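Reviewing the structure listed below.
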Amino acid sequence: MKFTHLDQSGEAYMVDVTEKQPTVRQATAEGLVRVSKPIMDALREGTVPKGDVLAVARIAGISAAKRVPELLPLAHTIGVHGAKVDLELLEEHVKITATVRTADRTGVEMEALTAVSVAALAVVDMVKGVDKLVSIEQCQIIVKSGGRSGQWTREAALKDAGQE
């Protein structure tokens, strides 16, 4: 297996994508924030003491998608042309889904994962004072498209690996 961010001597470097042609690329990630029943009720009723948790998390996620090169030292600066963060209140957790789009030389998987991660951190920050057991779980890419590797889905990859 060849690691693309290591040179011949094993030193880290930023991959040069100058020669690659820009293409439309999209990635969707999802993650869960597990909360207690009282917090889930407060989220549904809009009564969390710190305010509108979902709005804060949504904005935090979108903002984070645009800051990936500042956080990850080998990430390329790309144009984030679209970012959408959705939060869904399920029975025991908040499901966060982020989709990021670009027309650039490299993909947006890290931007989508960062959007979900920071949105999840925002939820934790807003409820941690009243729910010490809050946790972030299962942050993962679920689908990506564009670029050399084309279309990829977690579901198909798991099926191919016999891990349905």
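Leaving out ligands, DNA and RNA, what percent of the accessible area of the chain is carbon and sulfur, probe 1.4 Å?
Carbon-and-sulfur percentage of accessible area, whole number: 54.
Among the lysines, select those whose C-alpha is under 19 Å from the C-alpha of LYS159, and discard any that sit fewer than 8 residues away in the same chain.
Within the straight-line limit of under 19 Å, LYS159 reaches these lysines: LYS144.
Find the Cα radius of gyration of the chain, compare it with 2.2 N^0.38 Å by division, and give the number to two decimals.
Output field value: 1.16.
Relative contact order (percent) for region 33-164, with alpha-carbon contacts under 8 angstrom and 6 or more residues of separation?
Relative contact order here is 29 percent.
What's the whole-number percent of alpha carbon pairs in region 76-149 lying beyond 20 angstrom?
For region 76-149, the share of Cα pairs beyond 20 Å comes to 36 percent.
What lysines could a cross-link reach from LYS128, if we take a straight Cα to Cα line under 30 Å and drop same-chain neighbours fewer than 8 places away?
Partners within reach: LYS37, LYS50, LYS66, LYS84, LYS95.
So with the 1.4 Å probe, I'd like the accessible area per residue for region 1-82, rounded to whole Å².
I get 65 Å² per residue for region 1-82.
Can you tell me the 0 to 90 degree angle between the C-alpha axis of helix 109-127 and the longest principal axis of the chain, rounded to 10?
20 degrees
What accessible surface, in Å², does a 1.4 Å probe find on THR28, ignoring ligands, DNA and RNA and rounding to the nearest 10?
10 Å²
The values are calculated or read from the model by the stated rules, or taken from the named source; none is laboratory data. All values derive from a computational prediction rather than experimental measurement. Side chains included, ligands, DNA and RNA excluded: accessible areas come from the protein's heavy atoms. Shrake-Rupley method; radii C 1.70, N 1.55, O 1.52, S 1.80 Å.
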